[in-house]
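**Q** My questions all concern the structure below.
Each reported figure results from applying straightforward, stated rules to the coordinates on display, with no laboratory input. Small disclaimer: the values here were computed from a predicted structure and weren't measured. Cβ coordinates were reconstructed from backbone atoms using ideal geometry, including for glycine residues, and neighbour counts include every protein chain displayed.
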Amino acid sequence: MNKKVAVILSGCGVYDGSEIHESVITLLRLDQRGAEVQCFAPNVAQLHVVDHYSGDEADETRNVLVESARIARGNVKDVRELHVGDFDALIMPGGFGVAKNLSDFALSGAKCTVQPDVLNAAQAFAKAGKPLGLICIAPALAAKIFGAGVVCTIGNDHETAATLGQMGAIHQECEVSEIVEDPSHKLVSTPAYMLAQSISQAAAGINKLVDRVLELAHTD
C-alpha cells in the first residue's frame, strides 16, 4: 500500500516562505516513490514580504496558506486539518518561512516558539511514533517538537548549531549529500540549501531523506 505523507509548507520563496527548490524536490521524490501527498500550511499572515528580485522588504502583507498554494498548485489545506491518523509520515522543507512563519526562530533564536497549529501537528506525529523529515533550517524546530536530546543537522554552520544546542538538540555535522537520522525519534534531517551550491546538491540529500522517511514509515 502506498504511504501517505503530509508536507508542511511555510509560504512561497526562500527569503520569506518555503524554499521552492527544496519543496519541489521533496514533492517530486515522494511522487517518484509512489507516495500519496497532501500539502498543508498555517492560515496566518507572513512575518513580512521580501522582494526576491531586489532582496528588499516589500510594503505589503501575504498569507502563508495562500502563498503555499503557489507551490502546491492549489492543493493545500490549513494545517489545522492535518490529522495524524490519516498519514504515515510528515516532511517539512526549509526556507526562511520556517524561521519566520512556522516559528519566530529568525527573531528569537533559542527562545523561539513554534506556531501553535504547526507544533500540534508535528508533535502528534512524534507522539504516534511516525517518522518526520526536516530539511534545511527546519531542524531548528526539532527540540521544540521532540524535546531535549533529539539528534539533527543543519550542516556545519557553527553559530546555528550552537543555537540548536542551547535549545536542547544534539547537532551532528553533515555533508550536503547526506542525512542524519535519530532512530529513537524517527527523525531524519539533511542540510539542503544550508550548504548546497546547486539544485542537484540539494536534491542529493533530500532524495535520501525522502527515501529514508518512507522506509521508516514501513516499520512499527
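**Q** Relative contact order, percent, of the chain when contacts are C-alpha pairs under 8 Å separated by at least 6 residues? Numbers along the way, then the final one.
**A** Details: 527 pairs, mean separation 43.3, N = 220.
About 20 percent, as a whole number.
**Q** Let me ask something else about it. Per-residue ellipticity at 222 nm for the chain, helices alone: DSSP H runs ≥ 4 residues times -39500 (n - 2.57), over residue total, nearest 500 deg cm²/dmol?
**A** -10000 deg cm²/dmol
**Q** If I model a spin label at Val66 and Ile199 as a point 7 Å from the Cα along the Cα→Cβ vector, what separation in nanometres do I get?
**A** My value for the distance between the label points is 2.7 nm.
**Q** Additional query: Multiplying the sequence separation of His48 and Ala148 by 0.36 nm and subtracting their Cα-Cα distance, what value in nm do you get?
**A** On the way: separation 100, 0.36 × 100 = 36.00 nm, distance 3.03 nm.
Computed gain between His48 and Ala148 is 33.0 nm.
**Q** Could I ask something else about it? Show me 9-17, 27-35 ranked by packing, highest mean number of other Cβ atoms within 10 Å first.
**A** On the way: 9-17: 26.7, 27-35: 16.6.
So the order, starting with the most tightly packed, is 9-17, 27-35.
**Q** Using Cα centres only, tell me the gap between segment 192-218 and segment 127-160 in whole Å.
**A** Going from one Cα centre to the other spans 14 Å.
**Q** When Ile206, Ile145 are ordered from fewest to most other Cβ atoms inside 10 Å of their Cβ, what list results?
**A** On the way: Ile206 33, Ile145 27.
Least to most surrounded, the residues fall as Ile145, Ile206.
**Q** Follow-up question, since we're still on this one. What's the tally of Lys pairs in segment 4-217 whose alpha-carbon atoms lie under 21 angstrom apart, where the two lysines are 8 or more places apart or on different chains?
**A** Lysine pairs meeting both conditions in segment 4-217 amount to 17.
**Q** A further question follows. For volume of the Cα convex hull per residue in Å³, one of (i) 106; (ii) 156; (iii) 118 was computed from the structure I shared and the rest are decoys. Which label?
**A** Computed from the coordinates, volume of the Cα convex hull per residue in Å³ corresponds to (i).
**Q** How large is the dipole of the chain about the Cα centre if only Lys and Arg carry +1 and Asp and Glu carry -1, each at its Cβ, rounded to the nearest 20 debye? Please list the in-between numbers first.
**A** On the way: 17 positive and 27 negative charges, 131 e Å.
With only Lys, Arg, Asp and Glu charged at Cβ, the dipole is about 620 debye.
**Q** Compute, for segment 103-220, the length of the dipole vector about the Cα centre, with Cβ point charges of +1 (Lys, Arg) and -1 (Asp, Glu) only. Units Debye, rounded to 20.
**A** Values: 7 positive and 12 negative charges, 67 e Å.
Once rounded to the nearest 20, the dipole reads 320 debye.
**Q** Full-extension gain between His218 and Glu173, please, as 0.36 nm times their residue separation minus the C-alpha to C-alpha distance. Kindly include the intermediate steps, with their values, before the conclusion.
**A** Details: separation 45, 0.36 × 45 = 16.20 nm, distance 2.71 nm.
So the chain would gain 13.5 nm between His218 and Glu173.
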